[in-house]
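Input: a single structure, listed below in structure tokens.
The values are calculated or read from the model by the stated rules, or taken from the named source; none is laboratory data. Only a predicted model underlies this, so the values are computations on that prediction, with no experimental measurement involved. Note that each Cβ is placed from the backbone with ideal geometry, even for glycine, and that neighbours are counted across all protein chains shown. Note: areas computed on protein heavy atoms with side chains; ligands, DNA, RNA excluded. Shrake-Rupley method; radii C 1.70, N 1.55, O 1.52, S 1.80 Å.
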Amino acid sequence: MTEKPDLKSMNQTELLSFVKEAGEKPFRAGQLYQWMHQKLSASIDEMTNLPAGFRAKLKQECIFSALKQTDVQISRQDGTRKYLFLLEDQNMIESVWMRYKFGGSVCISSQAGCRMGCKFCASGLNGLARNLSPAEMLEQVYRIQRDIGERISHVVVMGTGEPLDNYDNLLKFIELITAEEGLHISQRNLTVSTCGIVPNIRKLAEKRLGITLAVSLHASSQEKRETLMPIAVKYKLEELMHTCRYYFEKTGRRITFEYALASGVNDTEKDARSLAELLFGMNCHVNLIPINPVKEQIYRGSGQDAALAFKNKLEKNGINVTIRREMGRDIDAACGQLRKKYMERQVD
Ligand code: SAH
């Protein structure tokens, strides 16, 4: 059995050939595209300028992804919103909306679950359920933009999942979210975060996109990185750093290194010095974030003093560094926690 065509995952060329094959006039492709990617339609019934027969056919023969909002938690501290969405097959994913000075930003998931198994993260505790389609990634942004009623200017692929473990769908998502005829989010305003899947960082570099690549480093030595991130066993730190340099050479975009501070684990002065050595001479940015405690995991976040001392040490060594402002601390902010809570409730 061949898969049903997935309407919202198609680019304009694909949609055009689909419409022609269905025996409809070519301009219907433009209308469909507009309903999906500009008006952010949640159902085919909304598409009132399409012939009823064509709509019925689409409903019967195609996949039309529309996420169902199951829950939203709103932070009283800063207005951050954490959404829980239900997928067609009953899987759940979460996405976060934050308001910054520069505009609205959405953090999306790229997979339902994750198979990377980082030792401080909640997303991978139950393994990977499946990859998300391009449409399901887009939908997180679309549903939130409709809910908030305000333009979203930035998207970060930093929610549940490893985007470079879902490479083809990620690339399609980037194509669609940045398309002029869609939400037209600038590549500069798009960030993709990876735990360091080396071959796919290399592949992405070849595309020479203007997006920001964030690499989750979390440790400056091979041994320590392995204890925190199983993927480090497969792709060695040295290889990763080499590939990051290659990425910069190809794209001219400086890499952001994420470094989650775990108290007493990777936050000492010695760690800061070693990180500065590792990044010496590189055009990059370091984003420090004290670990958000996850009850099933042993790591605890560094205190403010330790985080500041770590930052100062890096700065003294000429490294560009910020401590990430923590948003939505009061609403299960750590990746995957809201989804996990719901899945446990379902199992009970
Ligand atoms: N798989 C990708 C993107 C998802 S995780 C990646 O690894 O980059 C997004 C970021 O949140 C990563 O830097 C990840 O290491 C970090 N993260 C996960 N759990 C965290 C926690 N409990 N506290 C702080 N940061 C966490």
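Here is how the numbers come out for the structure above:
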item: Close pairs from segment 151-171: first free of Cβ contacts under 8 Å to residues at least 24 places away in the same chain, partner within 7 Å of the ligand (Cβ to nearest atom) and in a loop (DSSP other than H, G, I, E, B), Cβ under 7 Å, at least 6 apart; result: none
item: Of the criteria (1) part of a loop (DSSP other than H, G, I, E, B); (2) touching a strand residue (DSSP E or B) at 6+ places or on another chain (Cβ under 6 Å); (3) not small (G, A, S), which one H184 fails; result: (2)
item: Qualifying residue in segment 104-114 (condition: open to solvent by 20 Å² or more (accessible area, probe 1.4 Å) and small (G, A, S)); result: no
item: Criterion violated by R253 - all others in (1) under 19 Å from L170 (Cβ atoms); (2) assigned to a loop (DSSP other than H, G, I, E, B); (3) within 16 Å of the ligand (Cβ to nearest atom) satisfied; result: (3)
item: Y299 vs. criteria in a loop (DSSP other than H, G, I, E, B) and in contact with a strand residue (DSSP E or B) (Cβ under 6 Å, 6 or more places away or on another chain); result: yes
item: Neighbours by Cβ (under 6 Å, 6+ apart or cross-chain): first from segment 296-312, under 11 Å from A262 (Cβ atoms); second aromatic (F, W, Y) and open to solvent by less than 40 Å² (accessible area, probe 1.4 Å); result: Q297/F120; Y299/F120
item: Given (1) surrounded by 20 or more Cβ atoms within 10 Å (Cβ to Cβ); (2) within 12 Å of the ligand (Cβ to nearest atom), number of the condition P230 does not satisfy; result: (1)
item: All positions within segment 13-56 that are under 33 Å from the mean Cα position of the chain (by Cα), of a type in the set (K, R) and open to solvent by 60 Å² or more (accessible area, probe 1.4 Å); result: K39
item: Members of segment 145-163 that are more than 8 Å from the ligand (Cβ to nearest atom) and crowded, with 24+ Cβ neighbours inside 10 Å; result: V155
item: Output for segment 128-149, where each listed residue is more than 15 Å from the chain's Cα centre (by Cα) and β-branched (V, I, T); result: I148
item: Residue check for E139: closer than 26 Å to N126 by Cα, buried (at least 22 other Cβ atoms within 10 Å of the Cβ), acidic (D, E) and more than 14 Å from the ligand (Cβ to nearest atom); result: yes
item: Residues (closer than 13 Å to R55 by Cα and either not small (G, A, S) or not in a helix (DSSP H, G or I) (or both)) located in segment 24-35; result: E24, R28, Q31, L32, W35
item: Segment 115-136 - residue that is more than 8 Å from the ligand (Cβ to nearest atom), over 14 Å from L67 (Cα atoms) and among the small types (G, A, S) and, of those, surrounded by the most Cβ atoms within 10 Å (Cβ to Cβ); result: G124
item: Residues (assigned to a helix (DSSP H, G or I), in contact (Cβ under 8 Å) with a residue 40 or more places away in the chain and surrounded by fewer than 19 Cβ atoms within 10 Å (Cβ to Cβ)) located in segment 196-227; result: R202, E206, K224, T227
item: In segment 74-102, the residues that are open to solvent by less than 40 Å² (accessible area, probe 1.4 Å) and over 19 Å from L132 (Cβ atoms); result: S75, G79, T80, M98
item: Cβ-Cβ under 6 Å pairs, at least 6 apart or on other chains, segment 41-62 side in contact (Cβ under 8 Å) with a residue 60 or more places away in the chain, far side assigned to a loop (DSSP other than H, G, I, E, B); result: A42/A66
item: Tabulated pairs, segment 234-263, first aliphatic (A, V, I, L, M), second more than 16 Å from the ligand (Cβ to nearest atom) and in a helix (DSSP H, G or I), C-beta under 6 angstrom, 6+ apart or interchain; result: L237/Q222
